[in-house]
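The values are calculated or read from the model by the stated rules, or taken from the named source; none is laboratory data. Here the structure is a predicted model, which means the values were calculated and not measured. Glycine also receives a Cβ, built like all others from the backbone with ideal geometry; neighbour counts cover every protein chain displayed. Protein only, heavy atoms only, side chains kept; ligands, DNA and RNA dropped before computing areas. Shrake-Rupley method; radii C 1.70, N 1.55, O 1.52, S 1.80 Å.
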Amino acid sequence: AEDISGKFSVVQAGSFTTKQPVPDGAVSLTLSASADTITAGALTDTETYGAAKYRLLDASGQKVVQDWQDGNVFSGLAEGTGYTVCAKYAGNDSYMESAPGNAQITTKRWAPPVTEPAGLTASYGQTLKDVALPEGWSWADDTAAVTAGNSGYEARFVPADTDIYDYSRAEGYAYDSGSGQVTITRTLPV
């Protein structure tokens, strides 16, 4: 560099390392949704490629619903609505920021009320396995005998439409993360 008169100049030397691009396919999204929340599977190589960043767009991919954030959970969403989730690596000293990957998902709808079986009858001493329940329902202990003065027996409902409906607000709701099964437990009078 030299001044405007051309009489003074400064020479500086330095070095730098070029950053590598994040490999294609490194951003891989897995998504899950409830009726009001979307969770993106966290990007796995954040120690290599830099911090993970997530963004939520409307279904068209044009309107930003929630801009780039560190967390992979988007909550307070509308039920039964399509969204586009974007994810990228922020980069670090060795890697450039990655190109965003994206995937679409639709939030579930809130489940309708669970209708309990009614009019269940049995003779005293009869076991619950002899008391038929509608499809999706089963007795917690079908070997239990019906006794006088019992206010009810525990039964479980396993809904078949959990890919469409979110049952998390239903009374007796339980979710088994190992099997991915939703169960609604109720006490049914016999």
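Below are the figures for this structure:
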| item | result |
| --- | --- |
| Extreme residue, farthest from residue 37 (Cα to Cα), among residues of the range 53-65 that are touching a Gly at 6+ places or on another chain (Cβ under 9 Å) and either surrounded by 19 or more Cβ atoms within 10 Å (Cβ to Cβ) or without any contact (Cβ under 8 Å) to a residue 40 or more places away in the chain (or both) | 60 |
| The range 157-173 - residue that is of a type in the set (A, V, I, L, M, F, W, C) and open to solvent by 50 Å² or more (accessible area, probe 1.4 Å) and, of those, nearest to residue 147 (Cα to Cα) | 158 |
| Failed item in (1) in contact (Cβ under 8 Å) with a residue 60 or more places away in the chain; (2) more than 25 Å from the chain's Cα centre (by Cα); (3) open to solvent by 30 Å² or more (accessible area, probe 1.4 Å), with residue 186 passing the rest | (3) |
| Single condition residue 78 does not satisfy, out of (1) within 15 Å of the chain's Cα centre (by Cα); (2) among the hydrophobic types (A, V, I, L, M, F, W, C); (3) open to solvent by 30 Å² or more (accessible area, probe 1.4 Å); (4) farther than 16 Å from residue 165 by Cα | (4) |
| Residue pairs meeting the criteria (Cβ under 7 Å; at least 6 apart or on separate chains; first within 12 Å of residue 88 (Cβ to Cβ), in the range 35-51; second surrounded by fewer than 19 Cβ atoms within 10 Å (Cβ to Cβ) and among the acidic types (Asp, Glu)) | 51/70 |
| Residue among 130, 161, 142, 166 that alone is closer than 13 Å to residue 111 by Cβ and in contact with an Asp or Glu (Cβ under 9 Å, 6 or more places away or on another chain) | 166 |
| Residue that is under 12 Å from residue 95 (Cα atoms) and touching a Ser or Thr at 6+ places or on another chain (Cβ under 7 Å), where the choices are 27, 22 | 22 |
| Every residue from the range 83-109 that is surrounded by 15 or more Cβ atoms within 10 Å (Cβ to Cβ) and small (Gly, Ala, Ser) | 87, 90, 91, 98, 101, 103 |
| Filtered residues of the range 66-92 (kept if touching a residue at least 40 places away in the same chain (Cβ under 8 Å) and outside any loop (DSSP other than H, G, I, E, B)) | 83, 85, 87, 88, 89 |
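Rundown of residues vs (1) at pLDDT 70 or above; (2) out of contact with any Gly (no Cβ under 7 Å at 6 or more places or on another chain); (3) part of a strand (DSSP E or B); (4) among the charged types (D, E, K, R), yes/no style:
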{"residue": "7", "(1), (2), (3), (4)": "no, yes, no, yes"}
{"residue": "13", "(1), (2), (3), (4)": "no, yes, no, no"}
{"residue": "18", "(1), (2), (3), (4)": "yes, yes, no, no"}
{"residue": "23", "(1), (2), (3), (4)": "yes, yes, no, no"}
{"residue": "35", "(1), (2), (3), (4)": "yes, yes, no, no"}
{"residue": "38", "(1), (2), (3), (4)": "yes, yes, yes, no"}
